[in-house]
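The structure appears right after this line, and notes come after that.
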Amino acid sequence: FRFKDSLAEELQSADLVISHAGAGSCLEALEKGKPLIVVINDKLMDNHQLELARQLHRDGCVLYCNCSTLVETLQSMNLSALKPFPPGQPEKFASFLDKVFGLQ
């Protein structure tokens, strides 16, 4: 896709999402419960996408690869082995901030 204001419709109907390893893209797909393959751009900003992709993979939530291994990843993928991404708990973060700033 070229830039779109929202991919909500496409994500809703997707059976599989293949995305770059940007944090926003990863979280949006995972929060929708979609199986996700992240394709890292290893030439971008000290390869920071690899860190996120590796951690999400360690957590069992995504598969990751680079452009040269995408076809191999698609051929060997086992999407049933992926774990659901745990839902956020913003109330815990808010409580933490309240304590830090002495509001609680």
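The values are calculated or read from the model by the stated rules, or taken from the named source; none is laboratory data. Quantities reported herein were computed from a predicted structural model and do not represent experimental measurements. No Cβ is skipped: glycine too gets one built from the backbone with ideal geometry, and neighbour counts run over all protein chains shown. Just so you know, the surface numbers come from the protein's heavy atoms only, side chains and all, with ligands and any DNA or RNA stripped out. Shrake-Rupley method; radii C 1.70, N 1.55, O 1.52, S 1.80 Å.
Please state which one of Ala8, Ala14 is among the small types (Gly, Ala, Ser), closer than 19 Å to Phe85 by Cβ, out of contact with any strand residue (DSSP E or B) (no Cβ under 8 Å at 6 or more places or on another chain) and open to solvent by less than 30 Å² (accessible area, probe 1.4 Å). Reasoning before the result, please.
Numbers: Ala8 fails: open to solvent by less than 30 Å² (accessible area, probe 1.4 Å).
Step by step, each of Ala8, Ala14 is checked, and only Ala14 is among the small types (Gly, Ala, Ser), closer than 19 Å to Phe85 by Cβ, out of contact with any strand residue (DSSP E or B) (no Cβ under 8 Å at 6 or more places or on another chain) and open to solvent by less than 30 Å² (accessible area, probe 1.4 Å).
Among the residues of segment 1-28, which ones are assigned to a loop (DSSP other than H, G, I, E, B) and closer than 23 Å to Gln55 by Cβ?
Leu7, Ala14, Leu16, Ala21, Gly22
Tell me which of these Leu103 doesn't satisfy, since it passes every other one: (1) touching a Leu at 6+ places or on another chain (Cβ under 9 Å); (2) within 24 Å of Asp15 (Cβ to Cβ).
(2)
Which pairs have Cβ atoms under 6 Å, sit 6 or more apart or on different chains, and link a residue in segment 77-104 that is more than 14 Å from Leu30 (Cα to Cα) to one that is open to solvent by 100 Å² or more (accessible area, probe 1.4 Å) and not charged (D, E, K, R)?
Asp98/Gln104
Go through (1) at pLDDT 95 or above; (2) outside any loop (DSSP other than H, G, I, E, B); (3) surrounded by 12 or more Cβ atoms within 10 Å (Cβ to Cβ) and name the single condition Lys34 misses.
(2)
Looking at segment 37-53 only, could you name the residues that are open to solvent by less than 60 Å² (accessible area, probe 1.4 Å) and within 14 Å of the chain's Cα centre (by Cα)?
Passing the criteria: Ile37, Val38, Val39, Ile40, Gln49, Leu50, Leu52, Ala53.
Can you spot a residue in segment 54-63 that is open to solvent by less than 80 Å² (accessible area, probe 1.4 Å), part of a loop (DSSP other than H, G, I, E, B), of a type in the set (Val, Ile, Thr) and without any contact (Cβ under 8 Å) to a residue 60 or more places away in the chain?
yes
Would you mention how many residues in segment 17-31 are modelled with pLDDT under 95, hydrophobic (A, V, I, L, M, F, W, C) and surrounded by fewer than 18 Cβ atoms within 10 Å (Cβ to Cβ)?
Looking only at that region, the number is 2.
Can you confirm whether segment 43-51 contains a residue that is at pLDDT 95 or above and either farther than 24 Å from Asn78 by Cβ or assigned to a loop (DSSP other than H, G, I, E, B) (or both)?
Taking segment 43-51 first, the residues at pLDDT 95 or above are none.
Looking through segment 43-51, none of the residues is at pLDDT 95 or above and either farther than 24 Å from Asn78 by Cβ or assigned to a loop (DSSP other than H, G, I, E, B) (or both).
Of the residues that make up segment 68-77, is at least one in a helix (DSSP H, G or I), modelled with pLDDT of 95 or more, open to solvent by 90 Å² or more (accessible area, probe 1.4 Å) and not aliphatic (A, V, I, L, M)?
yes
Out of segment 78-104, which residues are open to solvent by less than 70 Å² (accessible area, probe 1.4 Å) and part of a loop (DSSP other than H, G, I, E, B)? Explain how you work it out, then say what you get.
First, pick out the residues of segment 78-104 that are open to solvent by less than 70 Å² (accessible area, probe 1.4 Å): 79, 81-82, 85, 88, 94-95, 97-98, 102.
Selection gives Leu82, Phe85, Gly88, Gly102.
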